[in-house]
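J.: Just dropping this structure here.
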Amino acid sequence: MSDAVTTRRSRRQSRGPYGRLGSALNELDDRVGVAKGGRSFLDKIFPDHWSFMLGEIALYSFVVVLVTGVFLTLYYVPSQALVTYHGSYLPLDGTSMTEAYASTVNLSFAVRAGLLMRQMHHWSADIFIGAIVVHMARVFFTGAFRKPRELNWTIGVTLLTLAIVNGFLGYSLPDDLVSGTGIRIAYSIILSVPLVGTYLAFFIFGGNFPGTAVIPRFFILHVLIVPALIVGLVGAHLFLLVRQKHTQFPGEGRTERNVVGSPMFPVFMAKTTGFMLIVAGVTALLGAFAQINPIWQFGPYEAARISYAVQPDWYMAFLDGALRIFPSWSFHSFGYTIPFEVTIPAVVFPGLLFGLAYAWPAIERRVTHDDALHNLLDRPSSRPKRTAAGVAVLAMLSMLFIASSTDVIANFFHVSLNTVLWTMRILVLVSPFVAYPIGYFIAKEIHATRGGGRRKTVNVVERTASGEYVATPAPAYGDDVPTELAPTPVPTFITPPEAVPPTDPGTRTVDR
Amino acid sequence: MSQMSEHRTPVSIQGLAADDPHLAPAARHPRLVERVIALNFVVGLVLVIGFGACYWVNAAPWTLGATMGGGLFFLGVGLVAWGKYLMPRGPFVEERHPLASAAVERDAFAAAIVERGGGVVKRRKVLGGLLGGGLGAFGIVALFPLLRSLGPLPKGTLFHTDWRSGTYAVDQTGRRVSVGELAIGSIMTVFPEGLENTDRGQAVDQTVLIRISNENFVTQKGRETWAPQGYLAYSKLCTHLGCPVGLYEQQLQLLVCPCHQSMFNATNGAIPEFGPAPRPLPQLPLYIDAQGYIRAQSDYHEPVGPGFWERS
Ligand code: HEM
Ligand code: FES
């Protein structure tokens with residue numbers, strides 16, 4: 001027993017104080033020099049504010065999208081060749097359909113866990129895009145896009161664009177009746193581009209709609225090209241994040257020159273890994289209990305058929321709404337046509353919207369003449385104009401979102417389609433102008449309120465013997481007293497004391 | 001264990017004592033929290049194993065999702081709680097170091113690019129120009145095959161359909177449509193014979209046939225012969241974005257596109273009455289031959305479907 005202990009001890013001593021792992025790290029450091037950078041990476045501080053989790057939701061749902069997507073590629077067949085279905089889903093037995101559709105039906109019924117993976121893929125795609133939007137709103141309303149982080153804002157807007165594009169491409173892959181109609185609409189939108197529209201459409205689709213190239217081309221874009229771009233940009237996004245360090249809200253001990261929070265290892269790593277598991281878990285639960293895109297009910301795509309409740313995925317709805325409410329103003333002149341009724345709502349409008357998003361940091365800088373570096377965040381209330389502008393855009397987008405279901409609204413409320421149409425037209429145009437002042441004044445009010453967000457302390461009113469009233473503020477509530485300690489640098493534990501002279505904490509001599 | 005503690009007495013070299021409150025867990029009752037976390041992990045573990053079991057026996061899809069989702073969820077909650085309540089509560093701080101380099105280094109960097117590069121290139125302007133020209137030309141030349149191979153040129157394809165003078169109208173199965181086919185007020189989708197099963201027949205030539213009355217029906221001036229015995233034919237491609245105009249509102253005699261609710265009046269040449277569609281649906285001139293079959297007099301007189309630049 002004691003023998004074993006001694007050998008173990010001597011072995012440990014020969015390995016140095018950190019045992020096997022420690023000596024492995026030393027070996028690695030000898031060759032690639034990981035210690036210094038690795039140490040500061042482990043000490044990297046992450047601010048503990050809930051709103052910083054939004055980006056994490058986006059990241060982790062993208063991980064789920066990737067994993068489930070790889071599963072789908074193993075069974076999905078990207079081909080428009082016609083087959084007659086004789087699979088396990090009997091209502092479609094004997095139907096002629098493309099291999100793409102047949103393989104997606106098969107994925108749903110014949111592949112073990114296939115339906116779950118399909119539904120998880122679709123849910124996580126929707127969550128991915130939703131999380132990007134909310135994350136972007138957080139960055140916008142807190143001014144996190146200001147210098148030095150404009151580049152990361154630009155990358156973020158590009159990521160949102162790519163995510164929406166890839167969502168549309170993926171949605172098209174099953175080649176069912178609903179998604180096929182979506183492709184038809186996309187084709188017509190491309191066709192509407194002045195001058196080059198017909199060429200663009202013919203090159204993208206390999207000919208007139210539908211052609212035989214759409215599904216294979218969309219497939220390779222969807223599973224390789226766009227995801228590769230997204231992965232690369234996510235990498236750049238995170239690299240910049242690490243390099244520039246997080247922003248933080250102002251508060252106790254927080255300055256422009258520091259970051260306060262939890263260290264990467266182990267606290268943040270535990271929390272974020274746990275959070276990833278939660279995101280994946282919730283997605284799986286949604287995949288289990290909330291049906292999404294039951295393509296077997298829609299039937300295969302046939303160009304001359306149409307289903308009645310045609311509605312795209314949620315992130316496309318604002319475009320659909322814009323197309324619905326825009327008037328039928330086609331422009332004809334000099335023997336040419338510009339289909340304004342399509343070009344403006346579906347090409348120009350999203351172009352302006354994303355252009356505005358790209359340009360916002362520059363616009364704001366031009367207005368404020370603020371050239372300083374910012375690491376402390378704004379509270380939305382302290383920048384009423386910016387906040388109001390964001391609210392105005394969101395209000396308009398929400399109205400467009402609602403406008404994508406004019407027919408449903410008309411049926412539901414038993415009003416004429418015409419009434420709904422005009423109501424939505426007016427709401428879309430008016431909402432930003434109503435939302436702006438409301439946002440502005442609410443922000444100003446909140447900003448003017450002292451200690452907003454904290455409970456007010458009670459004033460105790462007493463009547464003295466002489467009949468006088470005296471008000472004395474009661475002491476603060478126990479949990480309103482800041483419990484946070486003053487921030488301190490991440491401590492390092494080392495073997496005492498001879499290994500490291502305390503005056504030189506960063507270095508360590510390695511015996512060779 | 002004893003050696004461990006002997007060797008690893010925590011000594012902070014950055015001024016924190018081992019019993020510093022920053023290192024204490026955030027939880028007020030760490031023991032309790034630990035138990036709750038353990039419970040989460042156990043439930044997670046059981047569910048994850050259950051997932052394996054469900055997969056093994058090929059249970060219903062929802063059981064797979066429920067066990068996997070639940071398992072990951074509980075493991076995740078436990079791990080988050082561990083990080084949040086049992087690990088050093090902090091807060092910790094890290095200094096930011098300015099990203100910008102010292103002025104000297106910036107100058108040196110800029111100088112290296114401008115002076116060194118500029119010097120070399122400026123002295124050999126012609127070489128630089130030739131190289132740039134060659135690479136630029138390659139870029140442009142390479143762009144053409146890259147784009148051009150992607151698909152055919154549009155040429156006239158968007159201007160014509162496959163309806164010709166004398167083409168029989170057939171239904172989805174290829175059966176010729178004859179005059180007794182439709183009751184008044186009903187509609188069907190027809191295709192040019194022989195193309196009913198092709199992509200082009202389906203996507204471009206699709207035509208909606210309406211029986212609107214018993215007599216020749218005139219929708220507009222100049223179309224006196226187009227709708228014999230009340231058989232009217234319109235392109236089924238919505239002029240908005242090309243969805244099939246699949247609905248017929250019989251009372252109002254409106255063709256309705258379900259995509260964005262454009263409505264076309266069947267009686268007057270499908271002039272849009274509502275919605276974003278800018279143009280009437282093109283009308284196909286029909287005749288009824290001696291055997292009573294419905295046939296086209298010619299192609300449509302204008303391009304079908306949504307608008308595009310070259311369309312006049
Ligand atoms: C930005 C990331 C992505 C988004 C937003 C996204 C979105 C979607 C959506 C909405 C669908 C339709 C699913 C349905 O209901 O059937 C889909 C299908 C599909 N996706 Fe993705 N996806 C992404 C990345 C990937 C990746 C990286 C792969 C593979 C490596 C992949 C493989 C597939 C396959 C094979 C299908 C067709 C099978 C099916 O529809 O069930 N996806 N995608
Ligand atoms: S496609 Fe018919 S109304 Fe839009």
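The values are calculated or read from the model by the stated rules, or taken from the named source; none is laboratory data. Owing to the predicted nature of the structure, the values given are computational and were not obtained by experimental measurement. Here Cβ is always computed from backbone atoms with ideal geometry, including for glycine, and neighbour counts include all displayed protein chains. Calculation scope for accessible area: heavy atoms of the full protein, side chains included, ligands and nucleic acids excluded. Shrake-Rupley method; radii C 1.70, N 1.55, O 1.52, S 1.80 Å.
J.: How many residues does segment B:60-106 contain that are under 18 Å from A:T272 (Cα atoms), more than 35 Å from the chain's Cα centre (by Cα) and not hydrophobic (A, V, I, L, M, F, W, C)?
T.: Of the residues in segment B:60-106, 8 are under 18 Å from A:T272 (Cα atoms), more than 35 Å from the chain's Cα centre (by Cα) and not hydrophobic (A, V, I, L, M, F, W, C).
Table: residues versus (1) open to solvent by less than 10 Å² (accessible area, probe 1.4 Å); (2) within 16 Å of ligand 1 (Cβ to nearest atom); (3) more than 7 Å from chain B (Cβ to nearest Cβ).
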| position | (1), (2), (3) |
| --- | --- |
| A:V259 | yes, no, no |
| A:Q291 | no, yes, yes |
| A:P294 | no, yes, yes |
| A:R305 | no, no, no |
| A:F326 | no, no, no |
| A:Y336 | no, no, no |
| A:I344 | no, no, yes |
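J.: Something else about it: Enumerate the pairs (first residue in segment A:152-167 and within 14 Å of chain B (Cβ to nearest Cβ) and under 13 Å from A:L241 (Cβ atoms); second residue anywhere and open to solvent by less than 20 Å² (accessible area, probe 1.4 Å) and away from ligand 1 (no atom under 12 Å from the Cβ)) with beta-carbon separation below 8 Å, excluding pairs fewer than 6 apart on the same chain, so at least 6 apart or on different chains.
T.: Listed pairs, sorted by first residue: A:N152/A:F145.
J.: Pick from B:L153, B:L135, B:L127: which is aliphatic (A, V, I, L, M) and in contact with a Phe, Trp or Tyr (Cβ under 8 Å, 6 or more places away or on another chain)? Don't jump to the end; show me each part of the working.
T.: Values: B:L135 fails: in contact with a Phe, Trp or Tyr (Cβ under 8 Å, 6 or more places away or on another chain); B:L127 fails: in contact with a Phe, Trp or Tyr (Cβ under 8 Å, 6 or more places away or on another chain).
Selected residue: B:L153, the only one of B:L153, B:L135, B:L127 that is aliphatic (A, V, I, L, M) and in contact with a Phe, Trp or Tyr (Cβ under 8 Å, 6 or more places away or on another chain).
Okay, residues lined up against (1) touching a helix residue (DSSP H, G or I) at 6+ places or on another chain (Cβ under 9 Å); (2) under 23 Å from B:S178 (Cα atoms); (3) outside any loop (DSSP other than H, G, I, E, B); (4) within 11 Å of ligand 2 (Cβ to nearest atom):
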{"site": "B:G242", "(1), (2), (3), (4)": "yes, no, no, yes"}
{"site": "B:L255", "(1), (2), (3), (4)": "yes, yes, yes, yes"}
{"site": "B:C259", "(1), (2), (3), (4)": "yes, no, no, yes"}
{"site": "B:T267", "(1), (2), (3), (4)": "no, yes, yes, no"}
{"site": "B:A277", "(1), (2), (3), (4)": "yes, no, no, yes"}
{"site": "B:P280", "(1), (2), (3), (4)": "yes, no, no, no"}
{"site": "B:R295", "(1), (2), (3), (4)": "no, yes, yes, no"}
{"site": "B:Y300", "(1), (2), (3), (4)": "no, yes, no, no"}
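J.: Can I ask one more? With the condition kept exactly as written, say whether any residue in segment B:141-156 is open to solvent by 80 Å² or more (accessible area, probe 1.4 Å), of a type in the set (K, R) and more than 31 Å from the chain's Cα centre (by Cα). Before the answer, list the steps.
T.: Going through segment B:141-156, the residues open to solvent by 80 Å² or more (accessible area, probe 1.4 Å) turn out to be B:141, B:143-144, B:146-149, B:155.
If we keep only those that are of a type in the set (K, R) as well, we get B:148, B:155.
Narrowing the set further to residues that are more than 31 Å from the chain's Cα centre (by Cα) leaves none.
Looking for residues that are open to solvent by 80 Å² or more (accessible area, probe 1.4 Å), of a type in the set (K, R) and more than 31 Å from the chain's Cα centre (by Cα), one finds none in segment B:141-156, hence no.
J.: I've got another one for you. Among the helices (runs of 4 or more DSSP H) contained in segment A:19-118, which hold 3 or more residues that are open to solvent by less than 50 Å² (accessible area, probe 1.4 Å) and not assigned by TED's automatic domain parsing to the domain that holds A:V234? Give the steps one after another, and end with the answer.
T.: Working: elements: A:19-32, A:35-42, A:53-73, A:99-109.
Answer list for segment A:19-118: A:19-32.
J.: Going by the conditions given, is A:I426 open to solvent by 60 Å² or more (accessible area, probe 1.4 Å) and either within 29 Å of the chain's Cα centre (by Cα) or free of Cβ contacts under 8 Å to residues at least 60 places away in the same chain (or both)? Talk me through it step by step, then tell me what you get.
T.: Values: open to solvent by 60 Å² or more (accessible area, probe 1.4 Å): yes; either within 29 Å of the chain's Cα centre (by Cα) or free of Cβ contacts under 8 Å to residues at least 60 places away in the same chain (or both): yes.
Yes, satisfied.
J.: Okay, next question. Consider A:L177 against the criteria (1) away from ligand 1 (no atom under 12 Å from the Cβ); (2) open to solvent by 10 Å² or more (accessible area, probe 1.4 Å): it satisfies all of them except one. Which criterion is unmet?
T.: Of (1) away from ligand 1 (no atom under 12 Å from the Cβ); (2) open to solvent by 10 Å² or more (accessible area, probe 1.4 Å), only one is false for A:L177: (2).
J.: Then there is this: Would you say B:P98 is more than 7 Å from every other protein chain (Cβ to nearest Cβ), of a type outside the set (A, V, I, L, M, F, W, C) and open to solvent by 20 Å² or more (accessible area, probe 1.4 Å)? Steps first, please.
T.: Details: more than 7 Å from every other protein chain (Cβ to nearest Cβ): yes; of a type outside the set (A, V, I, L, M, F, W, C): yes; open to solvent by 20 Å² or more (accessible area, probe 1.4 Å): yes.
Spelling it out, B:P98 is indeed more than 7 Å from every other protein chain (Cβ to nearest Cβ), of a type outside the set (A, V, I, L, M, F, W, C) and open to solvent by 20 Å² or more (accessible area, probe 1.4 Å).
J.: Also: If I filter segment B:96-112 for residues that are free of Cβ contacts under 8 Å to residues at least 12 places away in the same chain and touching a Pro at 6+ places or on another chain (Cβ under 7 Å), do I get at least one hit? Outline the logic, then answer.
T.: Initially, segment B:96-112 is screened for residues free of Cβ contacts under 8 Å to residues at least 12 places away in the same chain, giving B:96-112.
Restricting the remaining residues to those that are touching a Pro at 6+ places or on another chain (Cβ under 7 Å) gives B:99.
Yes.
J.: Kindly check whether there is at least one residue in segment A:219-228 that is over 18 Å from A:A303 (Cα atoms) and more than 13 Å from ligand 1 (Cβ to nearest atom). Step through it out loud before you land on a result.
T.: Of segment A:219-228, the ones over 18 Å from A:A303 (Cα atoms) are A:219-228.
Next, from what is left, pick out any that are more than 13 Å from ligand 1 (Cβ to nearest atom): none.
No: zero hits.
J.: Identify, from the list B:Q291, B:Q251, the residue that is without any contact (Cβ under 8 Å) to a residue 60 or more places away in the chain and either over 18 Å from B:P192 (Cβ atoms) or assigned to a loop (DSSP other than H, G, I, E, B) (or both). Please lay out each step first, then the result.
T.: Details: B:Q291 fails: without any contact (Cβ under 8 Å) to a residue 60 or more places away in the chain.
Exactly one of B:Q291, B:Q251 is without any contact (Cβ under 8 Å) to a residue 60 or more places away in the chain and either over 18 Å from B:P192 (Cβ atoms) or assigned to a loop (DSSP other than H, G, I, E, B) (or both), namely B:Q251.
J.: Does segment A:194-201 include one or more residues that are away from ligand 2 (no atom under 16 Å from the Cβ) and buried (at least 21 other Cβ atoms within 10 Å of the Cβ)? I'd like the intermediate steps shown before the answer.
T.: Residues of segment A:194-201 that are away from ligand 2 (no atom under 16 Å from the Cβ), as a first pass: A:194-200.
From the residues that got through so far, the ones that are buried (at least 21 other Cβ atoms within 10 Å of the Cβ) too are A:197-198.
Yes, segment A:194-201 contains at least one residue that is away from ligand 2 (no atom under 16 Å from the Cβ) and buried (at least 21 other Cβ atoms within 10 Å of the Cβ).
J.: Here is a follow-up. Of these, A:L224, A:L162, which one is part of a helix (DSSP H, G or I), aliphatic (A, V, I, L, M), more than 16 Å from ligand 2 (Cβ to nearest atom) and in contact with a Leu (Cβ under 7 Å, 6 or more places away or on another chain)? Before you say what the answer is, go through the steps one by one.
T.: Values: A:L224 fails: in contact with a Leu (Cβ under 7 Å, 6 or more places away or on another chain).
From the options A:L224, A:L162, the qualifying one is A:L162.
J.: Can you tell me which condition B:Y85 does not meet? The list is (1) modelled with pLDDT under 90; (2) closer than 24 Å to A:E252 by Cα; (3) not hydrophobic (A, V, I, L, M, F, W, C), and all the others hold.
T.: (1)
J.: Quick one: is A:L400 within 22 Å of A:M316 (Cβ to Cβ), in contact with a Gly (Cβ under 7 Å, 6 or more places away or on another chain) and either in a helix (DSSP H, G or I) or within 14 Å of another protein chain (Cβ to nearest Cβ) (or both)?
T.: Details: within 22 Å of A:M316 (Cβ to Cβ): yes; in contact with a Gly (Cβ under 7 Å, 6 or more places away or on another chain): yes; either in a helix (DSSP H, G or I) or within 14 Å of another protein chain (Cβ to nearest Cβ) (or both): yes.
Yes.
J.: What pairs come out if I take residues in segment B:77-95 that are more than 7 Å from chain A (Cβ to nearest Cβ) and open to solvent by less than 90 Å² (accessible area, probe 1.4 Å) and pair them with residues that are at pLDDT below 90 and outside any helix (DSSP H, G or I) whose C-beta lies under 6 Å away, six or more apart or interchain?
T.: Note: pairs meeting the criteria are B:L86/B:P25.
J.: Run B:D199 past the list (1) touching a strand residue (DSSP E or B) at 6+ places or on another chain (Cβ under 6 Å); (2) more than 24 Å from A:T337 (Cβ to Cβ); (3) open to solvent by 40 Å² or more (accessible area, probe 1.4 Å) and report the number of the one that doesn't hold.
T.: Result: B:D199 fails condition (1) only.
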